[in-house]
Amino acid sequence: MSAEERAFQEKIDAGIKIEAKDWMPEGYRRTLIRQISQHAHSEIVGQLPEGNWVTRAPTLKRKAILLAKIQDEAGHGLYLYSAAETLGVTRDQVYADLLSGKVKYSSIFNYPTTNWADIGTVGWLVDGAAIMNQIPLCRCSYGPYSRAMVRVCKEESFHQRQGYDLVMTMARGTPEQKQMAQDALNRWWWPALMMFGPPDSDSVHSAQSMQWKIKILSNDELRQKFVDQTLPQAEYLGLTVPDHELKWNEDTGHYDFGAIDWEEFRQVVAGNGPCNRDRLRTRVKAWDDGAWFRDALLAHAEKKSERQVAAAKAA
Amino acid sequence: MSAEERAFQEKIDAGIKIEAKDWMPEGYRRTLIRQISQHAHSEIVGQLPEGNWVTRAPTLKRKAILLAKIQDEAGHGLYLYSAAETLGVTRDQVYADLLSGKVKYSSIFNYPTTNWADIGTVGWLVDGAAIMNQIPLCRCSYGPYSRAMVRVCKEESFHQRQGYDLVMTMARGTPEQKQMAQDALNRWWWPALMMFGPPDSDSVHSAQSMQWKIKILSNDELRQKFVDQTLPQAEYLGLTVPDHELKWNEDTGHYDFGAIDWEEFRQVVAGNGPCNRDRLRTRVKAWDDGAWFRDALLAHAEKKSERQVAAAKAA
Amino acid sequence: MLLDDKSVYLMRLGDNALVLSQRLSEWCGKGPAFEEDMALTNIALDLIGQARMWLSYAGEVEGRGRDEDALAFRRDSHEFTNLLLVEQPNGDYAQTLVRQFFFDAWHQLVLDALRRSADDRIADIASKAIKEVAYHLRRSIDLVVRLGDGSAESRRRMQAAVEELWMYTGEMFNADETEELLGAQGLACDPSTLKDAWLAMVSEVFAEATLELPAGEWMQKGGKQGRHGEHLGLLLAEMQFLQRAYPGATW
Amino acid sequence: MLLDDKSVYLMRLGDNALVLSQRLSEWCGKGPAFEEDMALTNIALDLIGQARMWLSYAGEVEGRGRDEDALAFRRDSHEFTNLLLVEQPNGDYAQTLVRQFFFDAWHQLVLDALRRSADDRIADIASKAIKEVAYHLRRSIDLVVRLGDGSAESRRRMQAAVEELWMYTGEMFNADETEELLGAQGLACDPSTLKDAWLAMVSEVFAEATLELPAGEWMQKGGKQGRHGEHLGLLLAEMQFLQRAYPGATW
């Protein structure tokens, strides 16, 4: 380890934030760029499964809440791209890697939203899992990222409460509504658990990321916290988590839960989820269809500055 | 008038059909091509306002009836294009004139179908008016056209009865359904009267066409017959025809009716109806999007015949 | 029937905001730039808020117990009284923007007049809404200018959108009996009085944007009276699905 | 629960026909040639007829008073049990045709087996339907061959459609408990037994069409159990609008 590297690690160990202009190891920079941009992409792609129900929201109030949530997610994407830009990449570069399929977004967004309760369930479970992942990152070593996380977590807690409220309304509604809520839980439960990533035993890069404090808790620790937190919430709603092996373990003080189908996880990551193709195509089409728009704004800006130059010369 | 022309007119006056291989004046040929191809185009474009409700038909039986009707219309288009082809044009030439906007289709199809009762009302009034126009044409002087008309009229009478049955179901249904039926009648009544074309006083070409027996009754005669026939049908349904001036005239033995808004008619013919652009664009898009398909069938046929030639040579 | 006319008028205001908001929300996550996604969502949100205020009040005035959701989700297309302009499909982004500009320019004038309505509630809603709409209009003008006077491609698209939508602008200024009656009472504004100001603004913006005013003078009409094109029925089938499929449920 | 399994099975057959028919009818008046418009409409009509027979019988077996229209228009997407394949969007005409070919080849095998069902009504419906489906399949094969071995462009489109839809074909051959149970009773056919024949036919047609079988082996599933993609909900919102909006009306 070089002297620079040692000094860097000492700062981290001492809880001092690394800022954009500070020296950092290339691996730290690259890992952060990947992690932050994946996170940004997830916010952007995450708009789509929710967007699927905006036009069908059942009340004007729910429609407004959903639109506002989706707008917040776009905002999160933008802060996060800005955080990534502090590391010496541009938003367009990073975004091009999403569109080309080189860099992934969270696999959870490759599942379809097929009933209205999904919208609440996504808020409750998916935002819930995201917050669980992100709260520790508010303490991460990279200043711009940790500050973005503080803001994101605050808004996402709000989304999670709104999602839970929606599911509660359904769970306490007509029998059909309760069935929708249960159906949504059945479909989202396991994918939500997979959001924490592969089991610690299979997880690559984790040790280094933990040393650098850009990963604070392990995948399995976070997953367990999520299960422990979510179970009582499901019970309170009168909904059943789709796991026969789930039970309270007095000895550990945690819930035991069944085995996750990691083959499904790998397939979805590899592009074989129900919606991978649709999600990416939607974004690629939006980008391609919008090229003329972006080009025209540039063309106008150039014209304008040429006119200003000409006016200045004439004066 | 040349000897040929005199002989031609004598055949017509004697009620002898003109067939494709017979001599005919160029004006007769051109007028027929225009008239038959406009009629064919109307069948093809006429699929679109009905197609707008196929995906929303309220019962499976009604959906099947509607699909079958639309299929019949496509069939009528095809017989009529065949009849036009006997006059020395090709279907693709004639169709290109539709797509370029050079030749019109019936203006009635430039109005939107906005509720389910429209589907019945179109059958009742629009097919009704079409039959009124076409029944005399079963006796027209050009053999292929008159035979096509016989077949078309038979099927359209069936459609008209189905349409009337649909409107009756609505008119005798819930208050909302009855309102839909009345609303549809309000919107389709005047455009249906316009289907017979401008008043005789303004109608060009009519005298010659009548002499040639490719037009048998005048626009105003047909319109009056239609009003006389349709009024009692509307009364039987308990619906009100949207014309305050409509009343039975003991002296003439016909219904008197109010003035038609010919300015609207001219605007719709000129392209300013509510749906002109959508109708034509839909057909143009279908044709353009299908170019690869039609080209590929030709390419396959060529490959196949080349292979047959090669096989024959090898043998 | 003053009461009825008033609720009809309020529904028109609400329906415009609702239907346009629905169209804008179809862009969700599909805009040409992240900032545009956010801006369109923002406008859609403002318009939903306005729709709620107008429709709630319409329901109260009507006095048949219909709230904002009953009016939004349980009327069929012939009962919707929005302008034909706002129900037009999104088309490309140029068409969405031109539709928005034509509407915003009119909307701002209407709300400005309604701020002086003799009905306090109308004046109050208009005063709230006009702050949002002033921003919508500024943004629309800015984009129309930048895209009209942008690239050759953007100019072509913008001009095509203008030609496409022009025939739906006439209806904005046709006063019908309802509007005349309410206008005479000082409750609503007579839209025919807005036409010159609207045309002046559009002309000015188009001049800067190097766009041309269309020559066509034939205008479509009927939206305010519930006579719509074929697009609205499909928009409503989607929008109203849950309320229609599960009547009586609470969401 | 034999009765329930039977009605579930009948609904699957009906839902496949209904949903595919709905997709085909979206082409109405928009096909690439007049003859294609007519042929697609014809197939859509045949499939509606079959859907009516299966759903009517499903309703009778279920015994809860639901007729064909109650089942078609008043179930929500999670109660629909069609294969994922048939709910996929039309895409271009190549995608519509490849979807149809994959389905027809399977459909014919299923109906052929069901002609020998121990249930006379099932056997009877299957015997009627298979005559229509034999024509559908002949037409599909003919077009797949002509377009696969047509122009470079048509081959590219057809191969792309094959790649696009391949992952929805696996579900056709997964027997679940319902099918196993009914298969054991001689009422239904175990779909896993059809896979070899289907693959042999597809391979043979593709060889003539110069198309390639995709390498991908991961298959989507869930349609038969009511777990669908996002497209079905929108299809149903449109299809069911009138029955949902006006409950209790007669049409």
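The values are calculated or read from the model by the stated rules, or taken from the named source; none is laboratory data. All values reported here derive from a predicted model rather than from experimental measurement. FYI the Cβ positions are ideal-geometry reconstructions off the backbone, even for glycines, and counts take in every protein chain you see. Keep in mind that these areas ignore ligands, DNA and RNA; they rest on the heavy atoms of the full protein, side chains included. Shrake-Rupley method; radii C 1.70, N 1.55, O 1.52, S 1.80 Å.
Between B:ARG34 and B:THR174, with labels modelled 7 Å along Cα→Cβ, what's the label distance in nm to one decimal, could you check?
5.0 nm
Taking the Cα atoms only, what angle lies between the long axis of helix D:152-165 and the longest principal axis of chain D, rounded to 10 degrees?
Long axis of D:152-165 versus the principal axis of chain D: about 30 degrees.
With N set to the number of residues, divide the alpha-carbon radius of gyration of the stretch D:1-245 by 2.2 N^0.38 Å and report two decimals. The partial results should precede the final answer.
Working: Rg = 17.2 Å, N = 245, 2.2 N^0.38 = 17.8 Å.
Output field value: 0.97.
If the reach is capped at under 13 angstrom between alpha carbons, list the aspartates and glutamates near A:LYS215, excluding any in the same chain fewer than eight residues apart.
Straight-line reach from A:LYS215, under 13 Å: A:ASP200.
Give me the extension gain from B:SER100 to B:ALA311: residue separation times 0.36 nm, minus the current Cα-Cα distance, reported in nm with one decimal. The partial results should precede the final answer.
Working: separation 211, 0.36 × 211 = 75.96 nm, distance 4.29 nm.
Between B:SER100 and B:ALA311, full extension yields an extra 71.7 nm.
Would you mind checking which residues have amide H under 5 Å from A:HIS254's amide H? H placed 1.01 Å from N; only 5 or more apart, or other chain.
A:ASN249
With a 1.4 Å probe and all protein chains left in place, how much accessible area per residue does the protein assembly as shown have, in Å²? Display every interim value, and only then the final one.
Numbers: 44560 Å² over 1132 residues.
Per residue, the protein assembly as shown has an accessible area of 39 Å².
Taking the simple approach of a point 7 Å from Cα along Cα-to-Cβ for both A:VAL150 and C:ALA118, what is their distance in nm?
5.7 nm
What percentage of the solvent-accessible surface of the stretch C:1-245, computed with a 1.4 Å probe over protein heavy atoms, is contributed by carbon and sulfur atoms?
Working: 4170 of 8330 Å².
Its accessible area is 50 percent carbon and sulfur atoms.
For B:GLU250, which inter-copy label distances result when the label point lies 7 Å beyond Cα on the Cα-to-Cβ vector, reported in nm to one decimal and in ascending order?
Shortest to longest, the spacings are 10.4 nm.
Restricting to Cα pairs below 8 Å that are 6+ residues apart, what does the relative contact order work out to for chain B? Please round to a whole percent. Provide the component values of the computation, followed by the final result.
On the way: 337 pairs, mean separation 57.7, N = 315.
Relative contact order, chain B: 18 percent.
When each copy gets a label point 7 Å from Cα toward the beta-carbon at B:MET1, what are the spacings between them in nm, shortest first?
Values, ascending and in nm: 11.3.
Which parts of the stretch B:283-301, residue by residue, lose 40 Å² or more of accessible area when the rest of the protein chains are there, as against the chain isolated (1.4 Å probe)?
Residues passing the criterion (a loss of at least 40 Å², heavy atoms only) are B:ARG283, B:ALA286, B:TRP292, B:PHE293, B:ALA296, B:LEU297, B:HIS300.
Heavy-atom accessible surface, probe 1.4 Å, ligands and DNA/RNA ignored: which residues of the stretch A:54-95 lose at least 30 Å² versus the isolated chain?
In the stretch A:54-95, residues shielded by partner chains: A:THR55, A:ARG56, A:PRO58, A:THR59, A:LEU60, A:LYS61, A:LYS63, A:ALA64, A:LEU67, A:GLN71, A:LEU78, A:ARG91.
List the aspartates and glutamates whose alpha-carbon lies under 17 Å from that of A:LYS11, not counting same-chain residues fewer than 8 positions away?
A:GLU19, A:ASP22, A:GLU26
Quick one: longest stretch of chain B between exposed loop GluC sites (Glu not before Pro), exposed meaning at most 11 other C-beta atoms within 10 Å and loop per DSSP?
Values: sites that count: B:GLU19, B:GLU245, B:GLU250.
Value returned for the longest uninterrupted segment is B:20-244.
With viscosity set to 1.567 mPa s at 4 °C, what whole-number translational diffusion coefficient in µm²/s follows for the stretch C:20-121 from Stokes-Einstein and a Kirkwood radius over Cα pairs? Mind showing how you got there, number by number?
Working: Rh = 15.1 Å.
Translational diffusion coefficient: 86 µm²/s.
Computed FRET efficiency, Cβ-Cβ of B:ASP288 and C:ASP4, R0 51 Å: what is it to the nearest 0.05?
On the way: r = 49 Å, r/R0 = 0.96.
The pair B:ASP288/C:ASP4 has a calculated efficiency of 0.55.
Tell me, Kirkwood radius of the stretch B:1-46 from alpha-carbon pair distances, in Å? Can you show the working numbers first?
Values: mean 1/r = 0.0834 Å⁻¹.
Kirkwood hydrodynamic radius for the stretch B:1-46: 12.0 Å.
Probe radius 1.4 Å, ligands and nucleic acids left out: can you give me the accessible area buried at the A-D interface, summed over both chains, in Å² to the nearest hundred?
Working: alone 16370 and 11890 Å², together 26820 Å².
The contact between D and A buries close to 1400 Å².
If packing is taken as the mean number of other Cβ atoms within 10 Å per residue, what is the order of B:104-113, A:253-262, highest first? If you can, show how the numbers build up before the last one.
Working: B:104-113: 22.6, A:253-262: 13.7.
Per-residue Cβ counts within 10 Å, averaged per peptide and sorted highest first, yield B:104-113, A:253-262.
Computed on alpha carbon atoms, what radius of gyration and Dmax characterise the stretch C:131-251, expressed in Å?
My reading of the Cα-based Rg and Dmax gives 18.5, 53 Å.
In the stretch B:1-79, which chymotrypsin sites (Phe, Trp or Tyr not before Pro) fall in coil by DSSP and have 14 or fewer other Cβ atoms within 10 Å? All intermediate terms of the calculation are to be shown ahead of the outcome.
Working: sites: B:PHE8, B:TRP23, B:TYR28, B:TRP53, B:TYR79; in loops: B:TRP23.
Passing sites in the stretch B:1-79 are B:TRP23.
Work out Dmax and Rg for the protein assembly as shown from the C-alpha atoms and quote the Rg first, both in angstrom.
32.5, 115
Can you give the FRET efficiency for D:GLU35 and A:GLN211, using 1/(1 + (r/R0)^6), R0 = 56 Å, r = Cβ-Cβ distance, to the nearest 0.05?
Working: r = 69 Å, r/R0 = 1.24.
Efficiency, rounded to the nearest 0.05: 0.20.
Got the B:GLN267 label distances to the other copies yet, label 7 Å along Cα→Cβ, in nm, shortest first?
In nanometres, ordered from closest: 5.9.
First select every other residue whose beta carbon is under 14 angstrom from the beta carbon of B:ASN219; then total the charges, Lys and Arg +1, Asp and Glu -1. Mind dumping the intermediate values first?
Working: positive: B:LYS215, B:ARG223, B:LYS225; negative: B:ASP200, B:ASP202, B:ASP220, B:GLU221.
Net charge in that neighbourhood comes out at -1.
List the lysines whose Cα lies under 18 Å from the Cα of B:LYS313, skipping any in the same chain that are fewer than 8 positions away.
Within the straight-line limit of under 18 Å, B:LYS313 reaches these lysines: B:LYS303, B:LYS304.
To the nearest Å, what is the center-to-center distance of the stretch A:179-196 and the stretch B:57-89, using C-alpha atoms only?
If we compute the Cα centre of each part, the gap is 49 Å.
Please list 3J(HN,Hα) in residue order for the stretch A:242-249, calculated via the Karplus relation 6.51 cos²θ - 1.76 cosθ + 1.60 where θ = phi - 60°; whole Hz, with x for glycine and proline.
For the stretch A:242-249, the Karplus-derived couplings read x, 8, 5, 8, 6, 7, 5, 10 Hz, x marking Gly and Pro.
Holding the Cα-Cα limit at 23 Å, pick out from A:LYS63/C:LYS30; B:LYS63/D:LYS128; A:LYS102/A:LYS285; A:LYS154/C:LYS128 the pairs that are longer than that.
Values: A:LYS63/C:LYS30 18 Å; B:LYS63/D:LYS128 20 Å; A:LYS102/A:LYS285 17 Å; A:LYS154/C:LYS128 28 Å.
As for pairs spanning more than 23 Å Cα to Cα, those are A:LYS154/C:LYS128.
How many angstrom lie between the C-alpha centres of the stretch A:232-297 and the stretch C:79-99?
Measuring centre to centre over Cα atoms gives 35 Å.
In the stretch A:17-57, which residues have a backbone nitrogen under 18 Å from the label point lying 7 Å from A:GLU5's Cα in the Cα-to-Cβ direction?
Taking a point 7 Å out along Cα→Cβ of A:GLU5, the residues of the stretch A:17-57 whose backbone N falls under 18 Å are A:23-32.
What's the minimum Cβ distance from chain C to the axis relating it to D, in whole Å, and which residue gives it?
C:ARG244, 2
Considering only protein heavy atoms and a 1.4 Å probe, what is the carbon-and-sulfur percentage of the accessible area of chain B?
On the way: 7410 of 13610 Å².
Carbon-and-sulfur percentage of accessible area, whole number: 54.
Only helical DSSP H runs with n ≥ 4 go in: add -39500 (n - 2.57) per run for the protein assembly as shown, normalise by residue count and round the 222 nm mean residue ellipticity to 500 deg cm²/dmol. Mind dumping the intermediate values first?
Working: 50 runs with 743 residues, N = 1132.
Rounded to the nearest 500, it is -21500 deg cm²/dmol.
From the P(r) of chain B, can you give the percent of Cα pairs sitting at distances over 28 Å? Present the calculation step by step, with values, prior to reporting the outcome.
Values: 22708 of 49455 pairs.
Tail of P(r) above 28 Å: 46 percent of Cα pairs.
Between the stretch A:136-165 and the stretch B:1-40, how far is it from one alpha carbon centroid to the other, in angstrom?
83 Å
In the stretch C:154-251, which GluC sites (Glu not before Pro) are in a loop and have at most 11 other Cβ atoms within 10 Å, using DSSP for the loop call?
Numbers: sites: C:GLU163, C:GLU164, C:GLU171, C:GLU177, C:GLU179, C:GLU180, C:GLU204, C:GLU208, C:GLU212, C:GLU217, C:GLU230, C:GLU238; in loops: C:GLU212, C:GLU217.
Loop-located and lightly packed - C:GLU217.
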